[in-house]
Amino acid sequence: MRVGLYARVSTHDQHTLALQCEAIQTYATTRGWPIVRHVEDISSGVRERPQRDALLHAARRRELDVIVVWRLDRWGRSLADLAGTLAELSALGVGFISLTEAMDLTTPTGRALAGLLAVFAEFEREVLRERIKAGIAHARQAGRPHGRPRTVAQHAARIQRLAAQGVSKAEIARRVGIGRTSVRRLLG
């Protein structure tokens, strides 16, 4: 089994990175699995994780048979992200092992657990969708604006001044820092 190891900490001041690395390395070497890739990310869960993406890319190229992480929250940004990437790995035939949760997708029990995670991820998406709809309805009822603010309204006077000076719509968009479509829409 060719193994890829993944460790992540949220910020530079966290001290669990060495603990994670030691645990996942020990797990792989105890089983006699060759470590093909060992990657570490230092970033929050929201930001991009280039090392994780590189590990997923290696899995897609069939360079790995299994990925080992210390904990599930080190791998997934959210339950939906976790379920999605685990489903992709499963479809690729790449195993996934989380040491702390004793989750091993290379076994039938682990694959069943991954199915349950997918169900809960769908539930989480539905609950979030309902909350968003309720928030929008409440904002409309209260007469408050909702959604993305219109940037063109903030720059309307400047756009009209530049247009009166004969500046092209594309140049206006560049100078103001908004899209050409927004400029065209305002100028009619």
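On C-alpha positions alone, give me the angle between the axis of helix 108-141 and the longest principal axis of the chain, in degrees, nearest 10.
Between helix and principal axis, roughly 20 degrees.
What is the sum of charges, Lys and Arg at +1 and Asp and Glu at -1, for the other residues whose Cβ falls under 13 Å from the Cβ of Gly177?
Summing Lys/Arg as +1 and Asp/Glu as -1 gives +3.
Quick query: amide H of Thr106 versus all other amide H atoms, modeled in the peptide plane; which residues come in under 5 Å with a sequence gap of 5 or more or a different chain?
It is Phe96, by chain and number.
Compute the length gained on full extension between Ala134 and Ala102: take 0.36 nm times their separation in residues and subtract their Cα-Cα distance, giving the result in nm to one decimal.
Values: separation 32, 0.36 × 32 = 11.52 nm, distance 3.80 nm.
Using 0.36 nm per residue and subtracting the Cα-Cα distance, I get 7.7 nm.
Test of the criteria: in the range 88-165, which trypsin sites (Lys or Arg not before Pro) are in a DSSP loop and have at most 10 other Cβ atoms within 10 angstrom of their Cβ?
Passing both the DSSP loop test and the Cβ count: no residue.
Would you mind counting up the charge near Val3? Only other residues with Cβ under 10 Å from its Cβ, with Lys and Arg at +1 and Asp and Glu at -1.
My count for the surroundings of Val3 gives +2.
Stretch Trp33-Thr16 to full length: gain in nm at 0.36 nm per residue minus the Cα-Cα span?
Length gained between Trp33 and Thr16: 3.8 nm.
Can you give the angle from 0 to 90° between the axis of helix 50-60 and the longest principal axis of the chain, with both taken from C-alpha atoms, to the nearest 10?
60
Any idea how far the Cα center of the range 2-79 sits from the one of the range 114-182, in Å?
Between the Cα centres of the range 2-79 and the range 114-182 lies a distance of 35 Å.
Under a point-charge model restricted to the Cβ atoms of Lys and Arg (+1) and Asp and Glu (-1), what is the dipole moment magnitude of the range 3-121 relative to its Cα centre, in debye to the nearest 20?
200
How much length is gained if the chain between Arg125 and His146 is pulled fully straight, taking 0.36 nm per residue apart and subtracting their Cα-Cα distance, in nm to one decimal?
Answer, rounded to one decimal: 5.5 nm.
Ile35: net charge of surrounding residues, Cβ under 15 Å, Lys/Arg +1, Asp/Glu -1, itself excluded?
It works out to a net charge of -1.
With n ≥ 4 as the cut-off for DSSP H runs, can you work out [θ] at 222 nm for the chain, using -39500 (n - 2.57) per run divided by the number of residues, rounded to the nearest 500?
My calculation for the chain gives -17500 deg cm²/dmol from helical runs alone.
Let a ≥ b ≥ c be the square roots of the eigenvalues of the Cα gyration tensor of the range 3-121; is it rounded (a/c under 1.5), or, if not, prolate (a/b larger than b/c) or oblate? All intermediate terms of the calculation are to be shown ahead of the outcome.
Values: a/c = 1.41, a/b = 1.13, b/c = 1.25.
Because its axes are fairly even, with a/c under 1.5, the range 3-121 counts as rounded.
No value in this document is a laboratory result; all are computed from the given coordinates. Not measured: the values here are computed from a predicted model. Counting neighbours? That spans all protein chains shown, and the Cβs are built from the backbone with ideal geometry, glycine included.
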